[in-house]
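The values are calculated or read from the model by the stated rules, or taken from the named source; none is laboratory data. Since we're looking at a predicted model, the values are computed, not measured. Note that each Cβ is placed from the backbone with ideal geometry, even for glycine, and that neighbours are counted across all protein chains shown. Ligands, DNA and RNA are stripped out before the accessible areas are found, and what is left, the full protein with its side chains, is counted by its heavy atoms. Shrake-Rupley method; radii C 1.70, N 1.55, O 1.52, S 1.80 Å.
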Amino acid sequence: MELNDEMMERAVQRVVAALKGEQGASYRIHPSDELLELGSYAAARMMLAHLRNRFLINKFAVAEAKRASSLMRSESEGNLKRLGEELGITPQEFEGRLALPVYQYASFSPRSVDYRLIFRNVKNGFVEVNKHEVIRLMEEAVKGRMENYKPLQNPPQIIRDYSKKLMVLVPKETVLKMSFKEGDNPPCIEKLLEGAKAHQNLNHQARLVLAIYLLARNVPVEKVQAIFSNLPDYEERKTKYQLDHIIKRGYSMPSCATLLSYGLCVADCRIGTPLRWKGKVGPWKKGKGSSS
C-alpha cells in the first residue's frame with residue numbers, strides 16, 4: 001500500500017481528533033473507504049513512531065482504544081472471541097458465568113478500585129467478569145499495544161513532511177511551576193505530578209487525590225486544570241466541572257491508609273495524610289503494598 005496525500009491528511013485528522021478528545025468514527029465505514037481508513041491508521045502510527053512524542057502517542061492510544069471499544073459492543077460473539085484471543089484475553093464460561101484466568105485479568109484490568117482483585121469473585125485461578133468488563137479489558141489491551149512504538153528509522157519523505165505539519169498542532173508541554181521546591185510534597189504526590197508531566201493516564205482515584213491535595217495547598221484552579229491538561233484523555237469542560245465540584249462539596253484529603261488501599265502509597269512516611277508532610281527529603285522506606 002502506497003501512502004498518498006489523501007491518506008496523510010486523514011492520518012493528521014485522526015491524531016488531531018485524538019488531541020481534542022474525540023474518538024473518531026465508531027460506525028461502520030463504506031467498503032470504498034476501507035483502504036483510506038487502513039492507510040490513514042498506518043500513516044498515523046508511522047508519524048508517531050517517527051516523532052516519538054509521548055504526549056501524542058498516549059493521546060492517540062486512548063482515542064483509538066475507545067473507538068475500538070465502541071465497535072466491539074456491536075460485534076458478534078464469534079468476532080469478539082477471535083479478537084480477544086489475538087489480544088490475549090480468553091474468557092471461559094463456568095456455570096453460566098464468564099471468567100478470566102487471573103493472570104489475564106491482572107495484566108489488562110484498569111487501574112481502578114472497582115477492578116482490584118480484593119473486590120472480585122476469584123475461584124480456582126479465575127476471576128468472574130461480565131461482557132462489559134471483558135470489553136473494557138480488551139480496550140486496555142488495545143491501548144497497551146498502541147502505546148508501544150519502535151522508533152522509525154529513515155521514514156519516507158511524505159511521513160517527514162506531514163509529521164512537521166502535525167507538530168505545529170501539538171500544544172506546548174505544561175510546565176509544572178507552582179512554587180514547589182524539591183521535598184515540598186510527599187512521595188505519593190510527587191509521583192502523581194511526575195505521571196501527569198509524563199502524560200500518563202492517571203486513574204480516577206489518582207486524579208481525585210491529586211486535585212484535592214493541590215487545591216488544599218491553595219494552588220489556583222487554573223493551574224490545577226493546566227496540570228490535568230497533560231493527561232491523554234483530558235477534557236477541559238469535564239475537568240473544570242469536576243474541580244468545581246470538589247471545591248463546592250469541600251472534599252477532604254484522603255488518609256494515607258486510603259491512599260494505600262488505592263495503590264497510590266509509595267513510601268512509609270507515617271504522617272497520616274499527605275497534607276501533614278513537613279518537607280522531609282528521602283530516602284524513604286517503601287510501605288507495604290506500595291505501588292513502586
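Among the listed residues 181, 165, 223, identify the single one that is more than 30 Å from residue 109 (Cα to Cα) and either polar (S, T, N, Q) or in contact (Cβ under 8 Å) with a residue 60 or more places away in the chain (or both). If you could, list the steps in order and put the result at the bottom.
Details: 181 fails: either polar (S, T, N, Q) or in contact (Cβ under 8 Å) with a residue 60 or more places away in the chain (or both); 223 fails: either polar (S, T, N, Q) or in contact (Cβ under 8 Å) with a residue 60 or more places away in the chain (or both).
Just one listed residue meets the conditions, 165.
Go through the range 32-57 and report how many residues are part of a helix (DSSP H, G or I) and touching a residue at least 40 places away in the same chain (Cβ under 8 Å).
13
Applying the selection to the range 191-202, what residues are out of contact with any Gly (no Cβ under 9 Å at 6 or more places or on another chain) and either open to solvent by less than 60 Å² (accessible area, probe 1.4 Å) or within 18 Å of residue 248 (Cβ to Cβ) (or both)?
Of everything in the range 191-202, those that are out of contact with any Gly (no Cβ under 9 Å at 6 or more places or on another chain) and either open to solvent by less than 60 Å² (accessible area, probe 1.4 Å) or within 18 Å of residue 248 (Cβ to Cβ) (or both) turn out to be 192, 193, 195, 196, 198, 199.
Out of all the residues in the range 229-244, is one or more among the aromatic types (Phe, Trp, Tyr), at pLDDT 90 or above, open to solvent by less than 60 Å² (accessible area, probe 1.4 Å) and assigned to a helix (DSSP H, G or I)? Step through it out loud before you land on a result.
Taking the range 229-244 as the starting set, the residues that turn out to be among the aromatic types (Phe, Trp, Tyr) are 234, 241.
Filter once more, keeping what is at pLDDT 90 or above: 241.
Now drop any that are not open to solvent by less than 60 Å² (accessible area, probe 1.4 Å), which leaves none.
Looking through the range 229-244, none of the residues is among the aromatic types (Phe, Trp, Tyr), at pLDDT 90 or above, open to solvent by less than 60 Å² (accessible area, probe 1.4 Å) and assigned to a helix (DSSP H, G or I).
Do we have any residue at all in the range 94-103 that's part of a helix (DSSP H, G or I) and surrounded by fewer than 19 Cβ atoms within 10 Å (Cβ to Cβ)?
If we filter the range 94-103 for residues that are part of a helix (DSSP H, G or I), which is where we start, we get 102-103.
So of that shortlist, the ones also surrounded by fewer than 19 Cβ atoms within 10 Å (Cβ to Cβ) come out as 102-103.
Within the range 94-103, one or more residues are part of a helix (DSSP H, G or I) and surrounded by fewer than 19 Cβ atoms within 10 Å (Cβ to Cβ).
With (1) surrounded by 12 or more Cβ atoms within 10 Å (Cβ to Cβ); (2) out of contact with any His (no Cβ under 7 Å at 6 or more places or on another chain) as the list, and residue 112 as the residue in question, which single condition is left unmet?
Single failed check for residue 112: (2).
Determine whether the range 78-92 contains at least one residue that is surrounded by fewer than 15 Cβ atoms within 10 Å (Cβ to Cβ), touching a strand residue (DSSP E or B) at 6+ places or on another chain (Cβ under 9 Å), modelled with pLDDT of 90 or more and not in a helix (DSSP H, G or I).
Yes: one or more hits.
What residue, among those in the range 52-77 that are open to solvent by 20 Å² or more (accessible area, probe 1.4 Å) and among the hydroxyl-bearing types (Ser, Thr, Tyr), is nearest to residue 151 (Cα to Cα)?
70
Can you pull out the residues in the range 118-132 that are of a type in the set (A, V, I, L, M) and surrounded by 11 or more Cβ atoms within 10 Å (Cβ to Cβ)? Walk me through how you get there before you give the answer.
As a first pass, look at the range 118-132 and keep what is of a type in the set (A, V, I, L, M): 118, 122, 127, 129.
If the condition is that a residue be of a type in the set (A, V, I, L, M) and surrounded by 11 or more Cβ atoms within 10 Å (Cβ to Cβ), then 122, 127, 129 are the ones that fit.
What are the residues in the range 1-22 that are open to solvent by less than 50 Å² (accessible area, probe 1.4 Å), at pLDDT below 85 and aliphatic (A, V, I, L, M), if any?
19
Do the conditions hold for residue 62, that is, is it β-branched (Val, Ile, Thr) and either at pLDDT 90 or above or within 21 Å of residue 159 (Cα to Cα) (or both)?
no
How many residues does the range 246-266 hold that are touching a Ser or Thr at 6+ places or on another chain (Cβ under 8 Å) and modelled with pLDDT under 90?
1
Hey, any hits in the range 61-78 for a residue that's farther than 24 Å from residue 238 by Cα, of a type in the set (A, V, I, L, M, F, W, C), touching a Phe, Trp or Tyr at 6+ places or on another chain (Cβ under 6 Å) and touching a residue at least 24 places away in the same chain (Cβ under 8 Å)?
No, every residue in the range 61-78 fails to be farther than 24 Å from residue 238 by Cα, of a type in the set (A, V, I, L, M, F, W, C), touching a Phe, Trp or Tyr at 6+ places or on another chain (Cβ under 6 Å) and touching a residue at least 24 places away in the same chain (Cβ under 8 Å).
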